[in-house]
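One structure is given below, encoded as structure tokens.
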């Protein structure tokens, strides 16, 4: 595995996607998804200049945050309410998708005496196997999050397209970007984070406005 080469390739592809739509590559954050790699690989990515990492599981993410406190750790997997108590070290939680979870996060944030940055996860693929709110329920949920939970800071949206040919994901990403713009008008004007795009489809996601791409296999296997 040539991490340096793979990272350079991913960054080049992000820059090329940005160029196609007139965006600054600096407007897209690269989040390395490290659930399947060793601590040594994380350390090497830090040496190569990656500073933001995503973990799917709370316990592993917590251990990694303790081991690499200089890094920016995101929780990108689904979150059970009984695991919220272990989430203090995550800088951004991508998977807020229900009121009970919002209540528990806010309650813990009060105890931690700090605001918790969150994204609403949206089921843009409309697949029963995927987590996330239905598109039509997001606006009302976002209003409740911003109005009722003082310690939650809603930063934007997260979504996953179906695993298919990249071009076929475009409508899903466009819908999420349009929804973000709607929420900026109706709910909160500073919703700047749009977490969409993974190894299979991140270039299309960037073309449609993603500000954060979650990349695993393209970094670690050189795939896609």
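Readers should treat all values here as calculations from the given coordinates under stated rules, not as data from a laboratory. Predicted model only: the values in this text are computed from it and were never measured. Cβ: placed from backbone, ideal geometry, glycine included. Neighbour counts: every protein chain shown.
Some values worked out for this structure:
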read-out	value
Mean shadow area of the stretch 26-77, taken as a quarter of the surface of its Cα convex hull (nm²)	3.5
Distance in nm between pseudo-label sites at residue 140 and residue 83 (7 Å out along the Cβ direction from Cα)	2.8
Cα pair distances exceeding 24 angstrom across the stretch 1-111, given as percent	35
Cβ-based exposure ranking for 190, 97, in which fewest neighbours within 10 Å come first	190, 97
Compactness of the stretch 39-167 - radius of gyration and Dmax, Cα, Å	15.3, 45
Value of [θ]222 nm, deg cm²/dmol, for the chain, DSSP H segments ≥ 4, -39500 (n - 2.57) each, nearest 500	-12000 deg cm²/dmol
Taking 219, 3, 67, 183 and counting other C-beta atoms within 10 Å, the order from fewest to most	67, 3, 183, 219
Most mobile of 139, 155, 87 in a GNM of the chain (Cα contacts under 10 Å)	139
Choice from 194, 75, 46 with maximal GNM fluctuation in the chain (Cα, 10 Å cutoff)	46
Kirkwood Rh, angstrom, the stretch 103-160 [1 / mean 1/r, Cα pairs]	12.1
Convex hull (Cα only) mean projected area of the chain, reported in nm² to one decimal	11.6
Packing-based exposure ordering (other Cβ within 10 Å, fewest first) of 198, 160	198, 160
